[in-house]
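Here, each number is a calculation from the coordinates, and none is a lab measurement. The structure presented is a predicted model; accordingly, all values stated were derived computationally and were not measured. Neighbour counts run over all protein chains shown; Cβ positions are idealised from the backbone, glycine included.
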Amino acid sequence: MRFSRKPTGRRFFELFAEIGANIGGSVEVLGQFVRAPVEQRADLAQRMRALEHAGDNATHAVIEHLDRSFVTPFDREDIYRLAGRLDDVVDHMDAAVDLATLYQLDAFPPGVDAQVDLLCQAAQLTAEAMPRLAAPQTLTAYWVEINELENKADQVHRRLLSVLFDGRRDALEVMKLKDVVDELESAADAFEHVADVVHTIAVKES
Amino acid sequence: MRFSRKPTGRRFFELFAEIGANIGGSVEVLGQFVRAPVEQRADLAQRMRALEHAGDNATHAVIEHLDRSFVTPFDREDIYRLAGRLDDVVDHMDAAVDLATLYQLDAFPPGVDAQVDLLCQAAQLTAEAMPRLAAPQTLTAYWVEINELENKADQVHRRLLSVLFDGRRDALEVMKLKDVVDELESAADAFEHVADVVHTIAVKES
Amino acid sequence: MRFSRKPTGRRFFELFAEIGANIGGSVEVLGQFVRAPVEQRADLAQRMRALEHAGDNATHAVIEHLDRSFVTPFDREDIYRLAGRLDDVVDHMDAAVDLATLYQLDAFPPGVDAQVDLLCQAAQLTAEAMPRLAAPQTLTAYWVEINELENKADQVHRRLLSVLFDGRRDALEVMKLKDVVDELESAADAFEHVADVVHTIAVKES
């Protein structure tokens with residue numbers, strides 16, 4: 001069965017590998033964005049938007065290929081769901097960048113670096129996992145590590161909130177910063193949801 | 001197969017058409033609410049609550065019919081999920097109206113009109129799609145258009161946030177308004193989740 | 001079929017009963033936390049964290065048992081999903097406690113008691129339902145009651161919001177309290193999502 005999966009699913013695996021690589025590119029732009037001087041942010045936001053569109057196109061390519069395929073390597077609804085969850089990752093990173101630009105934030109509080117760092121690690125694990133979808137049972141370590149990263153991201157996020165509320169910022173500033181760091185936390189959650197779909201696929205195959 | 005679907009599924013399709021029409025009614029009340037003078041809002045909030053209850057009853061009718069049906073036109077869990085996601089749409093619109101009433105908001109910021117307008121378009125597409133569920137493959141255009149509307153709603157929502165934070169409102173006022181426009185954004189998302197379930201059904205059938 | 005389910009599924013049912021009991025313990029600590037004098041909160045937060053870890057371990061035990069089981073009492077993905085949704089319940093209660101501790105909140109507004117009270121009722125219904133998963137069709141009353149509790153929790157939550165915004169608190173204080181009561185509301189939603197998975201299982205079996 002695993003023997004026959006490659007030919008029927010090759011195009012899906014290629015597209016998911018492409019989406020994984022696109023997530024890797026997006027998280028890199030995000031990292032540059034939170035470290036860049038304010039005057040460079042508009043450029044980086046535009047690059048993020050371009051990556052978000054590229055991700056959308058790859059997602060639609062998956063769905064179109066699904067509509068045209070008679071045989072699929074996994075259940076149709078799981079392919080569909082995986083594409084959707086991968087799309088969410090970039091959406092949340094793009095939202096963080098877009099809100100930070102709209103709100104004309106001066107500087108990010110310390111702790112955002114740590115958040116973005118964890119997103120980088122999750123992106124790398126995800127990009128490495130996507131080309132191995134043909135053998136989902138081999139992805140247990142990926143799934144466990146993503147869950148651990150999400151737990152760490154949760155901790156970092158809450159510590160960040162306590163910094164935001166330490167009384168040195170006015171309420172409107174806190175609200176704007178909170179919107180951005182909440183989107184980054186949602187991106188960490190989104191990586192976990194991707195891993196959950198991968199695990200569901202592996203569970204069905206086992 | 002499509003031939004035999006009609007008789008077994010007729011009651012489901014009737015109920016979903018009814019729920020679609022109820023969503024149409026709800027969005028209309030929402031539109032009146034955001035444009036109405038403050039003294040008329042309580043009445044409109046009550047009408048919205050009544051529509052929300054009617055939606056709940058139709059959702060329960062779907063579930064009860066599901067429990068009693070031996071043969072169903074789609075997978076049981078998809079019928080169940082579709083009913084749930086449709087219910088969410090009205091829940092979020094009702095929440096927006098309820099919060100605006102509780103918070104005794106004076107006026108909605110410009111941009112809320114555009115948000116509600118997009119919800120009206122999504123509601124109309126959804127109401128038109130529901131009676132055609134018997135042939136889910138014909139609903140591709142519906143699904144694509146809902147996704148485009150959600151993207152537009154996202155943009156409108158973010159521009160609205162930047163207006164809220166332009167410094168002319170105090171923080172508590174911003175928080176209240178943000179709660180309401182976030183619920184409207186969640187309603188736009190909820191329309192997309194409905195379309196996603198419809199697409200999953202179509203994907204399984206293809 | 002129901003005859004043969006017990007032997008194959010016994011370990012799953014034991015684990016879910018254990019998770020249900022753990023949720024019961026967590027909600028009890030939550031109740032003590034919101035009523036405790038500030039100096040006792042750190043201890044209770046630590047106990048909550050321990051219960052959250054115990055829940056994580058039980059969730060992983062379910063997933064490991066799933067990976068090792070050839071025959072399962074329900075669809076693999078539903079067992080996986082149920083474990084995940086049960087985990088969310090304690091996650092949200094732990095988040096509420098963690099945020100209240102981080103933010104060094106003085107006192108909870110009236111209404112939080114009512115929120116926690118509804119969570120207690122939902123926890124009790126859930127703990128009673130878990131050992132009866134072998135016959136999911138008997139759990140209709142559980143599912144209906146959880147939905148009613150969630151509706152009540154929603155009302156209590158919105159009334160609480162209107163209290164928070166009554167103008168007697170400054171904006172930063174409102175934001176902190178809102179974060180906590182929103183996590184409690186998410187816990188109520190999480191109980192509903194558990195019940196939804198149980199209902200999906202029952203729907204498939206019917």
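Each principal axis of the Cα cloud of the range B:25-66 was taken in turn, and the coordinate range along them, longest first, works out to 43, 14, 8 Å.
Here the simple spin-label model places points 7 Å from the Cα toward Cβ, and for residue C:168 and residue A:38 these points are separated by 4.0 nm.
Against chain C, whose longest principal axis is taken from its Cα atoms, helix C:76-102 shows a tilt of about 20°.
Spherically averaged projected area of the convex hull of Cα atoms, the protein assembly as shown: 25.8 nm². Counted over the range B:139-195 with a bin width of 5 Å, the fraction of Cα pairs per bin, in whole percents, is 4, 20, 24, 18, 13, 9, 7, 4, 1, 0.
In the range A:98-198, the C-alpha radius of gyration followed by the widest Cα-Cα span (Dmax) gives 15.7, 51 angstrom. Go ahead and set up a Gaussian network model of chain A, Cα springs under 10 Å, then flag whichever of A:70, A:13, A:191 fluctuates most. Maximum fluctuation in the GNM of chain A, among the listed residues, is at A:70.
GNM remark for chain A: springs join alpha carbons under 10 Å apart, and the peak mean-square fluctuation among A:100, A:127, A:42 falls on A:42. Note on C:169-179: average number of Cβ atoms from other chains within 10 Å of each residue's Cβ is 5. Axis of helix A:41-68 versus longest Cα principal axis of chain A: the two differ by about 20°, to the nearest ten degrees. Which entries in A:152/C:176; A:176/C:176; A:204/C:204; B:204/C:204; B:152/B:204; B:152/B:178 show an alpha-carbon gap greater than 24 Å? Beyond 24 Å between Cα atoms: B:152/B:204. Largest first, the extents of the alpha carbon coordinates of the range B:87-127 on the three principal axes equal 32, 24, 9 Å.
Cα-based radius of gyration for the range C:67-143, normalised by 2.2 N^0.38 Å, reads 1.47. Springs between alpha-carbon atoms under 10 Å, Gaussian network over chain B: tell me which of B:173, B:150, B:185 tops the mean-square fluctuations. Highest fluctuation of the listed residues: B:173. Mean residue ellipticity, 222 nm, helices only, the protein assembly as shown: the sum of -39500 (n - 2.57) across DSSP H runs of n ≥ 4, divided by residue count and rounded to 500, is -29000 deg cm²/dmol.
Using the Cα atoms as the points, what is the convex hull volume per residue of the range A:15-90 in Å³?
Details: hull volume 5.0 nm³, N = 76.
Cα-based convex hull of the range A:15-90, divided per residue, equals 66 Å³.
3J(HN,Hα) along the range C:183-190, derived from phi through the Karplus expression 6.51 cos²θ - 1.76 cosθ + 1.60 where θ = phi - 60°, amounts to 5, 5, 5, 5, 5, 4, 4, 5 Hz, with x in place of Gly and Pro. Each of residue C:124 and residue B:117 was given a label point 7 Å from its Cα along the Cα-to-Cβ line. The distance between the two points is 5.2 nm. In whole percents, the pair-distance distribution calculated for the range C:2-205 from its alpha-carbon pairs, binned every 5 Å from zero, is 1, 8, 16, 19, 18, 14, 10, 7, 4, 2, 1, 0, 0.
Annotation for the range B:39-105 versus the range C:8-76: alpha-carbon center distance of 32 Å.
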